[in-house]
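Visitor: First the structure, which I've put down as structure tokens, then a few questions once you've had a look.
The numbers here are math on the coordinates, done by the rules we state, and not lab data. Keep in mind the model is a prediction, meaning the values are calculated, not measured. Neighbour counts run over all protein chains shown; Cβ positions are idealised from the backbone, glycine included.
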Amino acid sequence: MELHIVIEGRKDLAGQVYRQLSDAIRSGRLADGQQLPPSRLLAEQLGLSRKTVSEAYSRLTLDQLVVGRVGAGSFVQAPAAPRRGSLAPAVHSGLASADIVRKWDSMATPLRHPLPEGRSRYEFIGGCATPGHFPMDEWRRCVTHALRQDPALRGRYSEAEGLPVLREAIARHIAFARGVACTPVNVVVTNGAQQALDLLGRVLLEPGCAVAVEDPGYPAARGLFASQGAQVVGIPLDAEGMLVERIPDGTRLIYVTPAHQFPLGIPMSVARRRALLARARDIGAIIVEDDYDSEFRYEGRPADSLQSMDKHGIVVFVGTFSKVMLPELRLGYMVLPDALLNAVLTVKHLTDWHTGTMNQHALAKFIGDGHLQKHIRRCHGIYALRRERLQALFATLLAPWFELVPAEAGFHLAALCKREVDIDLLIRLARRADVGLYSLANFYADQPPQQGLFLGYGAIDTLDIEPALTRVRDILVEMD
């Protein structure tokens with residue numbers, strides 16, 4: 001593959017090579033550590049003398065944009081990139097879409113995970129699974145199996161709804177684990193749960209129509225529906241879940257997390273689930289049931305999913321493998337009522353054709369061979385120990401300041417303040433002590449926020465919980 005350099009005329013040849021390589025390195029088109037062609041080879045490709053190219057390389061070396069390694073060659077040494085967020089994005093004043101670009105620039109993304117250099121030693125970030133416990137050898141064998149599948153179809157696009165073998169595996173898994181009543185026909189494979197929400201919004205929403213979401217709730221769902229032009233209405237909660245009577249007439253879509261409310265963790269009561277189904281039917285709304293992490297249940301009897309209680313085809317069940325496996329796989333799914341299936345598949349086809357088939361084949365094998373259930377059981381034991389440790393320490397070490405909200409499932413907990421605490425200051429001081437804490441206030445929109453902490457325990461080892469919370473206790477004592 002030839003390096004893309006264009007030589008014009010016969011003047012300042014070394015300068016032309018130097019400037020184009022310098023621009024390519026500074027803009028990022030040539031990546032840090034990438035090897036440049038030997039000067040002799042590049043000279044032949046460009047029809048120049050080797051001396052000309054060597055002169056350009058020497059100038060790049062003086063600028064510290066290229067480094068030479070004896071016996072290996074010349075390599076790009078890109079200048080350090082500015083940290084994300086350190087510079088305000090510039091929008092060209094004459095751009096017709098400038099206002100829209102600024103709207104996206106200003107949108108809050110509280111759940112965006114920090115870059116590795118921004119993470120603390122002790123991280124209580126939510127939604128992050130434990131990668132060290134993932135059965136990588138088993139997954140590798142499943143990927144090898146995937147590489148051998150459908151050689152006749154290789155190089156062609158696939159079905160928008162997903163591979164039949166994976167849809168069948170998902171239907172069996174959620175029927176067993178969550179009591180979802182469906183056939184593979186109603187299962188659509190997506191690039192994570194977030195794409196499922198995006199597809200549903202595109203099908204069901206128009207600018208100005210109402211969407212009801214829990215408040216506090218999942219900011220990425222709220223922001224997504226708002227970006228599609230919907231009027232997003234935050235519905236407050238009580239101990240049984242969303243206050244159904246507060247859902248306004250004319251609402252098109254109702255987004256809920258009934259098994260393990262995000263972020264408080266409370267389950268929606270059976271009576272409230274029935275009331276929600278009745279309210280949605282009365283106003284003609286579709287309920288989106290986001291079942292993001294309920295595979296991990298520690299106490300109490302599992303409640304029926306809303307989808308299994310639905311007699312009228314008004315519930316879409318959304319799930320993801322990001323929490324039980326690895327988020328980088330970007331594999332999720334939804335179970336659709338018949339009335340929405342064709343419309344959603346049309347939108348899926350138009351927006352991305354289909355989800356990557358290699359990972360679909362691998363996941364189908366992973367589920368079919370029992371590896372998923374084994375992995376869930378293994379992680380369940382690990383998370384149960386971490387949850388117990390958090391509960392014990394918040395009942396003793398941090399009891400003067402916080403009280404945990406009871407939760408039966410998932411791998412995060414919410415801690416509410418029992419007395420006045422400057423949460424923002426606590427988070428800043430904890431970060432200096434290498435402890436990553438997160439505020440509950442980030443999840444409120446229309447309702448007055450309760451002061452407290454959102455504590456994910458997927459990314460922190462069990463043995464690290466006590467030293468981390470001891471540091472938090474010491475900070476709180478200093479703040480008092």
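Visitor: Subtracting the Cα-Cα distance from 0.36 nm times the residue separation, let me have the gained length for ASN342 to ALA395 in nm, one decimal.
Guide: 14.0 nm
Visitor: Further question on the same structure: Apply the Debye scattering formula to the chain, with a single equal point scatterer on each alpha-carbon and no solvent, then give log10 I(q)/I(0) at q = 0.06, 0.09, 0.11, 0.12 Å⁻¹.
Guide: -0.36, -0.76, -1.03, -1.15
Visitor: Can you list the trypsin sites (Lys or Arg not before Pro) in the stretch 235-339 that are in a DSSP coil and have 16 or fewer other beta carbons within 10 angstrom?
Guide: Answer by residue number: LYS311.
Visitor: Next up: Percent relative contact order of the stretch 133-369, based on C-alpha pairs within less than 8 angstrom and at least six residues apart?
Guide: 30 percent
Visitor: Let me ask something else. Straight-line reach from LYS323: which lysines have Cα under 19 Å away, leaving out those fewer than 8 places along the same chain?
Guide: Filter leaves LYS365, LYS374.
Visitor: Run the numbers on the chain and let me know its relative contact order in percent, using alpha-carbon pairs under 8 Å that are six or more apart.
Guide: 18 percent
Visitor: Cα-Cα pairs above 19 Å in the stretch 13-76: how many percent?
Guide: 21 percent
Visitor: Taking the highest mean first, how do the peptides 218-230, 387-399, 96-108 order by number of other beta carbon atoms within 10 angstrom per residue?
Guide: With the highest mean Cβ count within 10 Å placed first, the list reads 218-230, 387-399, 96-108.
Visitor: On to the next question. State the three equivalent ellipsoid semi-axes of the stretch 159-276, derived from the C-alpha gyration tensor as the square roots of 5 times its eigenvalues, in descending order and whole Å.
Guide: That gives 26, 20, 12 Å for the three semi-axes.
Visitor: To one decimal place, what Kirkwood hydrodynamic radius in Å is obtained for the stretch 133-369 from all pairs of distinct Cα atoms?
Guide: 18.3 Å
Visitor: Normalised by the empirical 2.2 N^0.38 Å for globular proteins, what value does the Cα Rg of the stretch 357-419 take?
Guide: Here the answer is 1.64, to two decimals.
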